[in-house]
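Written below as structure tokens is the structure these notes are about.
The values are calculated or read from the model by the stated rules, or taken from the named source; none is laboratory data. Because the structure is predicted, anything quoted here is derived from the model rather than measured. Cβ placement follows ideal geometry from the backbone for every residue including glycine, while neighbour counts extend to all protein chains displayed.
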Amino acid sequence: MSIRLYVGNLPKDTVDREALQEMFSSHGSDISTKVIKDRKTGKCRGFAFVTVPTDELADQIIEQHNGTNFMDVTLKIEKALPREKSAKGDKEGASNSSRPTNNSGGNKARSGKKRGNSHQNNSNTATQPDPRWAADLAKLKEMLTAQATNS
């Protein structure tokens, strides 16, 4: 099973894939690199992926190369998150492959709906006190009622 590594903090200039590949060549020839470029400008978007054959080799590369200098920048290397499947198979689902998201598939309409539902759930739970504090809350309510009637 191959493991994908996220290589971040690359310069936004032209990054040579071969130079990046050379950095990892001491770990074996079955390592591949892919620099992610902007489609319009052709410049690096600031990250790349390195695919290695084993989990052990991935951990070894992270330990050895995370925080090292490459083209005058400090690299950030970590295991890439699995690619999320988009319902429509559009570009948006693929572009979110390395970043954690709160919604599935990057669907903005769905995320708005999700936020609305979570807000609604929070308002429902706000009317019901936490059972651990119910006794204290009851005492506080009694004190406030007594104080309001004395005024």
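Odds and ends about this structure:
- Residues located in segment 126-151, provided they are at pLDDT below 65 and surrounded by 10 or more Cβ atoms within 10 Å (Cβ to Cβ): Pro129
- Matching residues, segment 32-68, being of a type in the set (A, V, I, L, M) and over 19 Å from the mean Cα position of the chain (by Cα): Val52, Leu57, Ile61
- Failed criterion for Leu75 (all others in (1) farther than 16 Å from Ile3 by Cα; (2) modelled with pLDDT of 75 or more; (3) out of contact with any His (no Cβ under 7 Å at 6 or more places or on another chain) hold): (3)
- Scan segment 58-84 for residues that are under 17 Å from Ser26 (Cα atoms) and either among the polar types (S, T, N, Q) or touching a Gly at 6+ places or on another chain (Cβ under 7 Å) (or both) and the total you get is 5.
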